[in-house]
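Written out below as structure tokens is the structure these notes cover.
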Amino acid sequence: MLDLFSQPAPDSAIQRVSELTKLIDHYNYEYYMNDTSLVSDFEFDALLRELIDLERQYPELSLPTSPSRRVGGEVNKTFAQVQHRFPMLSLGNTYSIEEIEDFEARTRKLLDGIPFTYTCELKYDGVAIGLTYKHGQLVQAVTRGNGAVGDDITANARTIPTIPLRLQGQYPDDFEARGEVVYPFDAFEAMNRQRQADGDEPFANPRNAASGSLKLQNSAECAKRKLMFCMYFMMLPHDQEQALPSTHFGRLESAKQMGFKVQPYIKECKDINDIKAFIDYWDHERWNLPFGIDGVVIKVNQTDLWDQLGMTAKSPRWAIAYKFKAEQVSTPLLEITYQVGRTGIVTPVANMQPVWLGGTTVRRATLNNADFMEKLDIHQGDYLLVEKGGEIIPKIVGVDINQRQPGALPLQYTTVCPECGTQLVRAEGEAGYYCPNSDGCLPQLLGHLEHFVGRKAMDIDSLGSERLRMLYDAGLVRNVADLFYLQRAQLVGLESLSAEGQRVTIQEKGADNILRALHDAQQVPFERVLFALGIRYVGEVGAKKLARHFGNIDALMAASVEELATVEDVGEVTARAIFDYFANPDHRLVVERLRQAGLNMQVVDSRVSDNLAGLTFVVSGVFNHYSRDEIKATIEQHGGKVSSSISSKTTYLLAGEKVGPEKLKKAEKLGVILLFEAEFEEKIKKQ
């Protein structure tokens, strides 16, 4: 509604907003592009506050290109999917110098004597995005997604200081700037230190943190992350090509003049020897950069030759990416500890002298199982070889034999549970040892409780691991059924010490939330209740198939091993585990108490329509309006079938952002139709 009492902005406010905008933009440019601080932080903040106050007083003066947008504040609960105007194709990758030589020889052959050069530039280890500029202003920012469709992250992109909101100098009227959002190491480490101080889990690596930051719902939170955008490419309509130089190197130089941050490390190369020299230099020097890279990109420099060189089915013939081999370090083993999981599996963990690897400090890494330890032949005090490369989780790949101490004894895998002392067992054909004391081993008991209340099971989010431990320590809960017989008086005032040593108390509101969530659990369908029981080898999909096959808990508990094994995807080992679970009187008592508490113990038909009847879907990627679980449930509610792998029987590959490349490849090979979220929603809306 129009505010009849609002006053238009006076000329003095209009002029001051213009002055402040130019001044702040200039200071930002010098700071982020030229590493030059022209004013103190205090002076800069004062100017920004003045601008924000004026824009609040006169909202019509707040433009999308205002530097106040860097602060963020827009809340976006859904990220609209956008079809890329120019598909964001990936480059061909190689770890082999020989393949780079083949690429260079093939390019020369295809160009048949036409003179040309190459550009070599660093391959950022970040998140690719595309920025659309019209008439010099940023109008949209989109993630790569699956290359055809990405998410609109414009509000978050505006908070990144190295993304120009308004261009300067000469620029095309309509183009897309492509580049990578990276998390500089110093900002990443500072953010992780703050997260740990706040009691939150640190992020695994800068790349994943950057990706998650771009999808934060509140752009003000994204603004705090101090991300950096580095531009490396321009996409233009054909009628705009003449607005830029005819070489890739020249275009990046032009981009600098427009206000983009472009890496200073790009180099023009005339032949394979120059390319090799560039690769060799950065393979060693990359560790001195303030951000992560994972390779070098080689492109034909003359853009007018790109059409002549053409494309393969997946990537351009005028460019290739050389990826550095995984970084490997050697660090001393301090000790091996053993972790007991929810299902009793005992996993050995190497605790090592802290070492910097791939952008993070590594202290621990799994040794997988007894076979893996035996294969490595680890001795006391050995130096372990650890790799990370493109992996998020560090992995141990060997032992540095040259540093083994004389007389060092080999380390043996433990024979007893480190938690309860029970003798470990190993099932035939399995790699891991496990503790069979499932109802008396503390990590397994707590693991069962955490699994039961988990999102994919009963989804009781008011009961986290800390509160479950509190209930266990107070003697109120020993199995999952006990949760449903808790009384308000037992919960209010219950205290414990947190991992940081702080006293935590359940208040009245917290107790009410717990009891309300437990009551709401009566609406959870039977297949999820069955999955929540945590029967060995019974996953989410298996529980669904068992529920549909038997219809109710009584028929399932009465089934023989042979009858259980007739269910699709339930083998003999799983059938035996289910039979043994229900053969235990204590487990049957838990089931009966859950039934008495009102939980669903039979299948209820939840079908909404038959719009998808006869269709089989494979789901891959991240979706805008659904979690992965929700979209699978929606398919089934409309009569469709969900499969975990693509085959000739698959009707559609339902593809979200970050769809699996192997699934895309197999779908293309088998002729499976690619379906995007918007098209899927149209199908289920049909009457």
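What area, in nm² and to one decimal, does the C-alpha convex hull of the stretch 107-172 cast on average over all directions? For the Cα atoms of the stretch 107-172, the hull's average projected area reads 7.4 nm². Selection among Gly169, Ala555, His238 by position relative to the dipole of the chain gives Ala555 as farthest towards the positive end (Cβ unit charges, Cα centre). Could you tell me the distance between the Cα centroids of the stretch 95-173 and the stretch 420-460, to the nearest Å? Going from one Cα centre to the other spans 48 Å. Between Gln194 and Ala431, the FRET efficiency from the beta-carbon distance, with R0 = 51 Å, is close to 0.85. Taking 0.36 nm per residue of separation and subtracting the Cα-Cα distance, full extension of the segment from Arg593 to Gln353 would add 81.5 nm. With 0.36 nm allotted per residue and the present C-alpha distance subtracted, the Asp482-Gln602 stretch has 41.1 nm of extension available. Convex hull volume per residue, computed on the Cα atoms of the stretch 522-632, equals 126 Å³. Dipole magnitude for the stretch 442-598: computed about the Cα centre from +1 point charges on Lys and Arg Cβ and -1 point charges on Asp and Glu Cβ, it is near 240 debye.
Summing charges over neighbours of Glu101, with a neighbour being any other residue whose Cβ is under 12 Å away from its Cβ, gives -2 when K and R count +1 and D and E count -1. Loop-resident trypsin sites (Lys or Arg not before Pro) (DSSP state other than H, G, I, E or B) in the stretch 228-274 with no more than 14 further Cβ atoms inside 10 Å of their Cβ: Lys270. Straightening the chain between Gln328 and Val541 buys 72.9 nm, computed as 0.36 nm per residue apart minus the Cα-Cα spacing. Using only Cα atoms, locate the centre of the stretch 243-267 and the centre of the stretch 346-416, then give the distance between them in Å, rounded to an integer. Here the answer is 45 Å between Cα centres. Annotation for Lys669 and Val492: the two label points, set 7 Å from Cα along the Cα-Cβ direction, are 6.3 nm apart.
In the calculated pair-distance distribution of the stretch 355-498, the portion above 19 angstrom amounts to 68 percent of the Cα-Cα pairs. Shown is the FRET efficiency for His519 and Ala105, computed with R0 = 60 Å from the Cβ-Cβ distance and rounded to the nearest 0.05: 0.25.
Taking only the Cα atoms of the stretch 122-239, the radius of gyration and Dmax are 15.0, 54 Å.
Sorted from longest to shortest, the spans of the Cα atoms of the stretch 168-321 along the three principal axes equal 56, 39, 33 Å. What net charge do the residues around Leu445 carry, taking every other residue with its C-beta under 12 Å from that of Leu445, with Lys and Arg at +1 and Asp and Glu at -1? For residues surrounding Leu445, the net value is -2. Measuring nothing but protein heavy atoms, the accessible surface of the chain at 1.4 Å probe radius is 49 percent carbon and sulfur. Could you please state, rounded to a whole Å, how far the C-alpha centre of the stretch 273-322 is from the C-alpha centre of the stretch 573-641? If you average the Cα positions of each part, the centres end up 48 Å apart. Only Cα pairs under 8 Å and 6+ residues apart enter the sum, and on that basis the relative contact order of the stretch 152-274 stands at 38 percent. Taking every DSSP helix (H) stretch of at least 4 residues in the chain, weighting each as -39,500 (n - 2.57) and dividing the sum by the residue count yields a mean residue ellipticity at 222 nm of -10500 deg cm²/dmol. Averaged over its residues, the stretch 127-183 has an accessible area of 27 Å² per residue, based on protein heavy atoms and a 1.4 Å probe. Using Stokes-Einstein with the Kirkwood hydrodynamic radius over Cα pairs, what translational diffusion coefficient do you get for the stretch 175-245 at 37 °C and a viscosity of 0.692 mPa s, in µm²/s rounded to a whole number? Translational diffusion coefficient: 233 µm²/s.
Restricting attention to the chain, close to 85% of DSSP beta bridges with both partner residues there are antiparallel. In the chain, taking the dipole from charged Cβ atoms about the Cα centre, the farthest positive-side position among Leu409, Val142, Tyr58 is held by Val142.
Extending 7 Å from the Cα toward the beta-carbon at both Glu662 and Ser40 defines two label points whose distance is 5.8 nm. With all pairs of separate Cα atoms included, the stretch 48-153 yields a Kirkwood hydrodynamic radius of 18.3 Å. Applying 1/(1 + (r/R0)^6) with R0 = 25 Å to the Cβ-Cβ distance of Gln502 and Glu221 gives a FRET efficiency near 0.55.
Charge dipole of the stretch 579-687 (Cα centre as origin; +1 on each Lys and Arg Cβ, -1 on each Asp and Glu Cβ, all else neutral): 240 debye, rounded to the nearest 20.
The values are calculated or read from the model by the stated rules, or taken from the named source; none is laboratory data. All of these numbers come straight from a predicted model, not from anything done at the bench. Backbone-built Cβ (ideal geometry, glycine too); neighbour counts: all protein chains shown. The accessibility values were calculated without ligands, DNA or RNA, using every heavy atom of the protein model including side chains. Shrake-Rupley method; radii C 1.70, N 1.55, O 1.52, S 1.80 Å.
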